[in-house]
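Input: a single structure, listed below in structure tokens.
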Amino acid sequence: MDISVYFSPVGIRIATGSFSKGTIILRRLITVPIERDAIIGGVITNDRALKKALADAWKHNMLPKKNIRLTVDGGAVLLKPLTVPLTSRKNLRSIISGEFSDVENADELLIDYAVDEPALADGGASVIAYAAGRKFIGSYVELFSDIKCRIKSINTAQNCCISYMKLTGAAEGKTCILACADGNILLLLLFVNGKYSFSSRVRLFSEGGTREYAEEICGAVSSMIQFHKAQRYGTELRDIFFCGLGEDHAEVFHAAESSFANQKISDLSIPVGCITRRGNGISAEDAESMSDYIYCLGNLISL
């Protein structure tokens, strides 16, 4: 069993389960409250508060202290989709490092990648390359180390979303936007003809539960639509998927349906067979709660 963890602005999200034969076998979903502003933009600002919340969560829920899959997000996490030649892992890492060479303190970056398509028709492969500062990643590793827990792997929020979209087929053959609301952060991903193309992260300044919050989300989505038009991909953007809206769902959908007449507005769905819970299917209530755990669920997937 794996323990998938993400530090959200509204609390520590935890999903326990495994992945087998194309299905997430989900056991538990847990949210642990944290002190306000204990983490800002993915940067840990109150390690003592987070350490206590983690220790309490592990003790109260009797969670295993290994096989922890961590998801990180924030401005410190850099991501680039790349087309690369078929080569050794060593050479590939060198190529990816070169792509981030213009970043400040590039020698302090930790580099990794996920294979998007292992063999392209025109040759080479497509990968999602990502990088983050050594100190940024180290702050999370230290948190878990201090409570005697060991991290198995570290992933990015974007890559977790990409994995989830692949598993569910939500973006297959489509040009669409996935909008993930997470407290005062909105992560937007653009898919073109089913493939990840671009992402942006927006800080929301309006209070949740207000019309202004919904309008701010729609404004960010509108900017992504304009970006798609400016790039002249030659595709029509037909779908906008939302997740993580919680109690703001109705207000955001009302604003979105009024703003985007040319796009279909939908919740990010869970197709039959993609996730099971305690050996059973997923109820509507389950699906609604899982919307807040998109990063955790995506990080359980091994494609």
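Before moving on, here are some points about what is shown:
- Per the listing 50, 70, the residue uniquely part of a helix (DSSP H, G or I) and under 18 Å from residue 10 (Cβ atoms) is 50.
- A search for C-beta distances below 8 Å between a residue of segment 185-200 that is surrounded by fewer than 21 Cβ atoms within 10 Å (Cβ to Cβ) and any residue that is of a type in the set (Phe, Trp, Tyr) and part of a strand (DSSP E or B), counting only pairs 6+ apart in sequence or on different chains, returns 197/191.
- Considering the conditions (1) open to solvent by less than 70 Å² (accessible area, probe 1.4 Å); (2) acidic (Asp, Glu); (3) more than 21 Å from the chain's Cα centre (by Cα), residue 56 is excluded by exactly one of them, (1).
- Of the helices (runs of 4 or more DSSP H) that lie entirely inside segment 134-238, those containing 3 or more residues that are modelled with pLDDT of 95 or more and under 26 Å from residue 56 (Cα atoms) span 134-146.
- Each residue in segment 223-259 was checked for being within 16 Å of residue 181 (Cα to Cα), exposed (fewer than 14 other Cβ atoms within 10 Å of the Cβ) and small (Gly, Ala, Ser), and 2 of them qualify.
- Filtered residues of segment 201-222 (kept if touching a Phe, Trp or Tyr at 6+ places or on another chain (Cβ under 7 Å) and loosely packed, with under 14 Cβ neighbours inside 10 Å): 207
- Here residue 264 clears all of (1) over 30 Å from residue 154 (Cβ atoms); (2) modelled with pLDDT of 95 or more; (3) surrounded by 13 or more Cβ atoms within 10 Å (Cβ to Cβ) except the condition numbered (3).
- Residue 139 meets the conditions (1) open to solvent by 30 Å² or more (accessible area, probe 1.4 Å); (2) under 16 Å from the mean Cα position of the chain (by Cα) in every case but one. The failed one is (2).
- Yes/no for residue 36 being over 22 Å from the mean Cα position of the chain (by Cα) and modelled with pLDDT under 95: no
- Number of positions in segment 32-53 that are within 13 Å of residue 143 (Cα to Cα), open to solvent by 70 Å² or more (accessible area, probe 1.4 Å) and out of contact with any helix residue (DSSP H, G or I) (no Cβ under 9 Å at 6 or more places or on another chain): 3
- Residues that are part of a strand (DSSP E or B), of a type in the set (A, V, I, L, M, F, W, C) and farther than 30 Å from residue 38 by Cβ within segment 74-128 comprise 82, 84, 115, 125, 127, listed in sequence order.
The values are calculated or read from the model by the stated rules, or taken from the named source; none is laboratory data. As the structure is a prediction and not an experimental result, all values here were calculated from the model. In this analysis, Cβ positions are derived from the backbone assuming ideal geometry, glycine residues included, and neighbour counts consider all displayed protein chains. These area figures cover heavy atoms from the full protein model, side chains too; ligands, DNA and RNA do not enter into them. Shrake-Rupley method; radii C 1.70, N 1.55, O 1.52, S 1.80 Å.
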